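The values are calculated or read from the model by the stated rules, or taken from the named source; none is laboratory data. What you see is a predicted model, and the numbers here were worked out from it, not measured in a lab. As a convention, Cβ positions derive from the backbone with ideal geometry for all residues, glycine included, and neighbour counts pool all protein chains shown.
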Amino acid sequence: MITVTDLTKVYRQGRREVRALDGVTLTVPAGSIHGIIGHSGAGKSTLVRCLTLLDHPTSGKVEINGVDLTAARADALRTARRRIGLVFQQANLFDSRTIADNVGYPLELIGMKKAERDAKVAELLRVVGLPDSGPAYPAQLSGGMRQRVGIARALATEPDVLLFDEPTSALDPKTTDEILDLILSLKGRDGLAVLVITHEMHVVKKICDSVSLLDGGRIVESGPLVEVVNSLDSRLAEALLGIPPHAPLDAVGGTLVDVLSSGERAAMPVVAHTSHEVGAELNIVAGSVEHLAGTTFSHLRISVPPGTDPQRVIDVLRSQGADAKLTTVTPAAVEGLVP
Ligand SMILES: Nc1ncnc2c1ncn2[C@@H]1O[C@H](COP(=O)(O)OP(=O)(O)OP(=O)(O)O)[C@@H](O)[C@H]1O
């Protein structure tokens, strides 16, 4: 488990202060995967550096299974850092070492004997699906395979936390899915807590149990995936269940209302019922249906024809358990969040 409490990082540029992290607090329990998303400049890289103590936070705490990394010095810090396995966008392997030697490198550093190391490396290569790649060199592997090697290397010291920094940003969609499947397969392994920093919504949808939105160095929304997306007022809902592009308002006509329903309600004809109840034809302009963390979410945009009171439509939709609100076509709240 990793617990971050009131983490703050202030950089000084001449007389100017930049608060790159401003009181970040979060907990990722063992056995779960937490995603952190945010647009460029939100503080993601600073968070990675401060969590791993590559950069010392200005204030606040980072604890792993109760051990305070921020209080550790020198040798104690080196040992404590091994509790976090790090995987970057590129695996940054040593080109002149074999794959087995790359994976075994952190074990060499802690002085593990060769026979024990070889057995551990073979096991790790099996875990990441590369049982026969030990003798190969990095240049002989694809980007996805190199990323698997990076994951094996990060697991070598049996960390309590695995921290992924944009792990699939350099990969094609098929390889991305394969790497995400691998990350999912590690869930629950030896009480591992997984933290994934990403700007890709697909990554959050596919593997995360919970998610936080980082903005201006602060966590502005956070919680279990199925809870944070269950409100039309949530920026995470907008980012993760966004309405696909559709015809402009003047072509669509009427007043636009967004409708969000989840679970069993997502399969019920709430719009048809509402149409019937208010005695007007409600047209579905666009929508998306997503299956997230075992729950189905339906996010629809409907147009209410002139002469029908949109507030009455909203009230009837809400009386059936859906969230509903008047909408504009492009919510400003998420601009820049989805690249
Ligand atoms: N060493 C530094 N000195 C001064 N300011 C910095 C430093 N590192 C980061 N910052 C500032 O802190 C803020 C957060 O930067 P950070 O790189 O953490 O964001 P990010 O979310 O990782 O962005 P990106 O996705 O573009 O990498 C930015 O305003 C940035 O300019």
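Every test in (1) part of a loop (DSSP other than H, G, I, E, B); (2) exposed (fewer than 14 other Cβ atoms within 10 Å of the Cβ); (3) modelled with pLDDT of 90 or more is passed by ALA280 save one, and that test is (2). When you scan region 33-45, do you find a residue that is in contact (Cβ under 8 Å) with a residue 12 or more places away in the chain, part of a helix (DSSP H, G or I) and in the same structural domain as LEU180 (by the TED database), even just one? For region 33-45, residues in contact (Cβ under 8 Å) with a residue 12 or more places away in the chain, part of a helix (DSSP H, G or I) and in the same structural domain as LEU180 (by the TED database): present. All of GLY129, GLY144 fail the test of being assigned to a helix (DSSP H, G or I) and within 24 Å of ASP181 (Cα to Cα), apart from GLY144.
Taking region 265-308, which residues are charged (D, E, K, R) and touching a residue at least 40 places away in the same chain (Cβ under 8 Å)? I'd like the intermediate steps shown before the answer.
Residues of region 265-308 that are charged (D, E, K, R), as a first pass: 265, 277, 281, 290, 301.
Those that are charged (D, E, K, R) and touching a residue at least 40 places away in the same chain (Cβ under 8 Å): ARG265, GLU290, ARG301.
ARG49 meets all of the listed conditions (1) within 27 Å of SER133 (Cβ to Cβ); (2) out of contact with any helix residue (DSSP H, G or I) (no Cβ under 8 Å at 6 or more places or on another chain); (3) in a helix (DSSP H, G or I) but one, namely (1). Out of the residues in region 25-79 that are basic (Lys, Arg) and farther than 21 Å from LYS205 by Cβ, which is nearest to the ligand (Cβ to nearest atom)? Among those that are basic (Lys, Arg) and farther than 21 Å from LYS205 by Cβ, it is ARG49. I'd like to verify a number: residues in region 151-161 that are surrounded by fewer than 24 Cβ atoms within 10 Å (Cβ to Cβ) and either free of Cβ contacts under 8 Å to residues at least 24 places away in the same chain or more than 26 Å from ASP68 (Cβ to Cβ) (or both), how many? Count: 0.
From LEU260, LEU326, LEU292, which residue is in contact with a Leu (Cβ under 8 Å, 6 or more places away or on another chain), within 22 Å of THR198 (Cβ to Cβ) and at pLDDT 85 or above? Give the steps one after another, and end with the answer.
Numbers: LEU260 fails: within 22 Å of THR198 (Cβ to Cβ); LEU326 fails: within 22 Å of THR198 (Cβ to Cβ).
Step by step, each of LEU260, LEU326, LEU292 is checked, and only LEU292 is in contact with a Leu (Cβ under 8 Å, 6 or more places away or on another chain), within 22 Å of THR198 (Cβ to Cβ) and at pLDDT 85 or above.
What about PHE164, is it aromatic (Phe, Trp, Tyr), crowded, with 20+ Cβ neighbours inside 10 Å and either in contact with a Lys or Arg (Cβ under 6 Å, 6 or more places away or on another chain) or under 25 Å from HIS34 (Cα atoms) (or both)? Yes, satisfied.
Select from region 155-172 the residues that are within 18 Å of CYS208 (Cβ to Cβ) and not β-branched (Val, Ile, Thr) and list them in ascending order. Selection gives LEU162, LEU163, PHE164, ASP165, GLU166, PRO167, SER169, LEU171.
Checking each residue in region 52-75 for being touching a residue at least 60 places away in the same chain (Cβ under 8 Å) and either crowded, with 23+ Cβ neighbours inside 10 Å or not in a loop (DSSP other than H, G, I, E, B) (or both) picks out VAL62, GLU63, ILE64. Take GLN13 and decide whether it is within 12 Å of the ligand (Cβ to nearest atom) and either closer than 12 Å to LEU163 by Cα or of a type in the set (Phe, Trp, Tyr) (or both). Criteria not met by GLN13.
Name every residue in region 9-32 that is free of Cβ contacts under 8 Å to residues at least 60 places away in the same chain and of a type outside the set (Asp, Glu), in order of residue number. Break it down stepwise before answering.
Of the residues in region 9-32, the ones free of Cβ contacts under 8 Å to residues at least 60 places away in the same chain are 10-18, 27.
If the condition is that a residue be free of Cβ contacts under 8 Å to residues at least 60 places away in the same chain and of a type outside the set (Asp, Glu), then VAL10, TYR11, ARG12, GLN13, GLY14, ARG15, ARG16, VAL18, THR27 are the ones that fit.
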